[in-house]
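Heads up, the thing below is written out as structure tokens.
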Amino acid sequence: MKYYIVFDLEWNQSPDGREKTVPELPFEIIELGAVKLDEEFQMVDEFHRLIRPRVYRQLHSIISEVTHMDMRQLKEQGEDFPDAARAFLQWCGDEAVYCTWGAMDLLELQRNLAYYGVKSPFPMPLFYYDVQKLYGLFCMNGEKPSLDKAVEELGLLENRPFHRALDDAYYTGQVLACLAHEPGEDAILVYKSIDYYRLPADKKEEIRVVFPGYSKFVSRVFDTKEEAMEDRDVTEMQCYLCGRTLRKKVRWFTPNQKIYYGLAVCPEHGYLKGKLRVKRAEGERIFMIRTMKLTDESGAEEILLRQAEAHRRRNERNKAKRKRQWAERRKAGRKVN
């Protein structure tokens, strides 16, 4: 039977800043809480473990203040992470559908599994439900609110604190149930998120998904952004409704080197606007996420205006750069004379 596993983590980090941070484990899990929902989104079970820290043996002051936990409690009541993680994964079952508030918890769970050598059961690609994203999409016009704000707006507040793993998991499950039971909102289950901890290793593993109203492509990893932008699979524009490869009306351009925009026209379905995001992989390598979405004349005009603004700023930067170079050459010439 399929169950929705809504989980939340609390984690610790180096109290001495980046210099003392272990690169493979910037955040060490100290608490794991989860609720299990059936296919009707009714809660049928819960899971909770405190975890004894092995890497960062002093609680960061902010973590202690927010969670109201202390190191003595974790040492006395906590388990070693591998034992807690294996118990959790067994409790989840083989048909688990994972749900979180935001994308960080799933990322850090996998990072902790890898650090402690616990075998990961997650498939590649890993789809999950980001309840924060869903709430923002359906209730906040795309904004991503805090969990406590969503709970208050939905009238779900109970005599349970925030910022503890089991309580936050419980509240997240309640928000998910509200969204799923809202009349006419069955479509939320179509909007799965993609986990980016493990990335496509080659072209065959690159991810292509079509959602209502847009498509998403996740590339393999590249050494540089320039290499990625030379790859046809990254830069092509396709209509996700008919599959046709499109001629670009506005070629990819970037205002900030982190996001690229483009525009194409499908003879059958009209304008499609594209967005390419440059994302950092492990180390200095990068991968690309491309989304394509139908738009209208107004949306097409917005892309054209954004392109013109990007060109204007680039020209201003180039002009300023030439002026600096000219001033430096003139200054150097005076010194020679």
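Annotations
- Unique residue being out of contact with any Cys (no Cβ under 7 Å at 6 or more places or on another chain) and either more than 30 Å from Val22 (Cβ to Cβ) or open to solvent by 50 Å² or more (accessible area, probe 1.4 Å) (or both) when the list is Phe253, Phe287: Phe253
- Residue in segment 327-337 that is in contact with a Lys or Arg (Cβ under 8 Å, 6 or more places away or on another chain) and either at pLDDT 95 or above or not in a helix (DSSP H, G or I) (or both) present: no
- Those residues of segment 201-223 which are open to solvent by 30 Å² or more (accessible area, probe 1.4 Å) and over 20 Å from Gly283 (Cα atoms), in sequence order: Lys203, Lys204, Glu205, Arg208, Val210, Pro212, Gly213, Tyr214
- Within segment 46-60, the presence of at least one residue that is surrounded by fewer than 19 Cβ atoms within 10 Å (Cβ to Cβ), within 18 Å of Gly173 (Cα to Cα) and modelled with pLDDT of 95 or more is confirmed.
- Annotation: of all residues in segment 62-97 being out of contact with any strand residue (DSSP E or B) (no Cβ under 8 Å at 6 or more places or on another chain) and either open to solvent by less than 80 Å² (accessible area, probe 1.4 Å) or part of a loop (DSSP other than H, G, I, E, B) (or both), the one that is nearest to Arg111 (Cα to Cα) is Pro82.
- Hey, Tyr240 assigned to a loop (DSSP other than H, G, I, E, B), closer than 20 Å to Thr100 by Cβ and open to solvent by 20 Å² or more (accessible area, probe 1.4 Å) or not: no
- Any hit, segment 51-69, residues being more than 23 Å from His163 (Cβ to Cβ) and either touching a residue at least 40 places away in the same chain (Cβ under 8 Å) or not small (Gly, Ala, Ser) (or both): no
- Candidates are the residues of segment 1-33 that are touching a residue at least 60 places away in the same chain (Cβ under 8 Å) and closer than 16 Å to Asp83 by Cα; the one that is surrounded by the most Cβ atoms within 10 Å (Cβ to Cβ) is Leu32.
- Residue satisfying all of: in segment 98-127; in a strand (DSSP E or B) and open to solvent by 10 Å² or more (accessible area, probe 1.4 Å); farthest from Glu205 (Cα to Cα) among these: Tyr98
The values are calculated or read from the model by the stated rules, or taken from the named source; none is laboratory data. Owing to the predicted nature of the structure, the values given are computational and were not obtained by experimental measurement. Ideal geometry is used to build each Cβ from the backbone, glycine not excepted, and the neighbour counts take in all protein chains shown. Accessible surface is based on the protein model in full, side chains and every heavy atom, while ligands, DNA and RNA are left aside. Shrake-Rupley method; radii C 1.70, N 1.55, O 1.52, S 1.80 Å.
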